[in-house]
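Here is the structure we will look at, set down as structure tokens.
The values are calculated or read from the model by the stated rules, or taken from the named source; none is laboratory data. Note that the structure is a prediction, hence the values are computed from the model and not measured. Heads up, the Cβs are rebuilt from the backbone with ideal geometry, glycines too, and the neighbour counts pull from every protein chain shown.
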Amino acid sequence: MPDNGAVRVLSPSAVHSSLEAIVEAHRGRGGGEVQLAFGTAPTLLKRIAGGEAADIIIAPPKVMDELVGMEKADPDGRFQLGRAGVGVCVRAGAPFPDVASTEALKRALLEAESVFHTQASSGIYVAQLLERLGVAARIKGRIRSYHDAQETFTRLLDSKGRDIGFGGLPEVRRWHDRGLRLVAPLPPDIQNYTAYLAALMTNPPNRVGARAFFTFLASAEAKVILVAHGVD
């Protein structure tokens with residue numbers, strides 16, 4: 001990719017809408033073109049390990065550490081873009097379950113006809129949470145786990161029963177116009193936040209453009225956009 005080409009950013013879909021808004025703001029300030037590509041954090045790790053090229057990577061700390069260890073991501077200058085919590089959701093028109101407390105959430109899970117979650121960072125935590133709450137074995141046949149938010153939320157919206165979904169709060173909000181409704185964030189005592197770090201790749205194809213957009217990502221203006229989209 002030549003230096004005058006688009007900057008390529010690989011990122012988890014949890015920060016999809018906020019990154020799109022940041023790219024628009026960057027362009028409005030006279031910045032160059034930026035191409036966004038999304039996937040779950042484990043998938044992004046495999047893609048980069050397999051040789052996929054990019055200029056900037058956004059990933060949770062564990063994945064970022066692995067990329068640094070593989071000498072794929074530059075540890076110098078990396079920073080925390082923000083963090084995102086987990087929310088409970090249902091399709092539009094479905095009754096909202098009571099999830100105001102951990103005990104209420106347990107009852108809602110036991111009463112649900114199906115429970116949907118992803119296999120991304122938020123979904124990995126939800127699977128562990130179901131075990132911790134002591135309900136995983138009791139609802140095993142009703143758990144629906146899919147690769148990413150796209151597939152998980154599509155399946156939830158296509159369902160007809162009394163179903164509950166889980167997802168990263170920014171992703172749930174992004175799907176509002178498609179018919180997904182946020183019931184509430186997880187109760188504070190069981191809430192989990194996934195942090196997202198940004199780093200330059202060690203050999204960015206578009207080094208000049210990458211540094212310009214990387215600087216903008218760390219700006220106060222970008223932070224305001226992130227917070228507005230649920231990444232604090």
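The set of residues in the stretch 94-141 being of a type in the set (Asp, Glu) and outside any helix (DSSP H, G or I) consists of Asp98, Glu113. Elements of the type helices (runs of 4 or more DSSP H) sitting completely within the stretch 10-89 and holding at least 3 residues that are within 30 Å of Ala100 (Cβ to Cβ) and touching a residue at least 40 places away in the same chain (Cβ under 8 Å): these cover 16-28. Applying the criterion of being part of a strand (DSSP E or B) and of a type outside the set (Lys, Arg) to the residues of the stretch 142-165, the residue that is surrounded by the fewest Cβ atoms within 10 Å (Cβ to Cβ) is Ser145. In the stretch 172-191, the qualifying residues are those that are of a type in the set (D, E, K, R) and in contact with a strand residue (DSSP E or B) (Cβ under 8 Å, 6 or more places away or on another chain), and the one that is nearest to Leu19 (Cα to Cα) is Arg173.
For every residue, the table says whether it meets (1) at pLDDT 95 or above; (2) more than 21 Å from Ile190 (Cα to Cα); (3) not aromatic (Phe, Trp, Tyr).
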position: Arg91; (1), (2), (3): yes, yes, yes
position: Val99; (1), (2), (3): yes, no, yes
position: Ser114; (1), (2), (3): yes, no, yes
position: Tyr125; (1), (2), (3): yes, no, no
position: Ala136; (1), (2), (3): yes, no, yes
position: His147; (1), (2), (3): no, yes, yes
position: Leu157; (1), (2), (3): yes, yes, yes
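Here's the yes/no breakdown for (1) small (Gly, Ala, Ser); (2) touching a residue at least 60 places away in the same chain (Cβ under 8 Å):
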site	(1), (2)
Ala108	yes, no
Gln150	no, yes
Gly167	yes, yes
Pro188	no, no
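The condition of being assigned by TED's automatic domain parsing to the domain that holds Phe166, in contact with a strand residue (DSSP E or B) (Cβ under 9 Å, 6 or more places away or on another chain), exposed (fewer than 13 other Cβ atoms within 10 Å of the Cβ) and touching a residue at least 60 places away in the same chain (Cβ under 8 Å) holds for only one of Ala94, Ala120, Ala100, that being Ala100.
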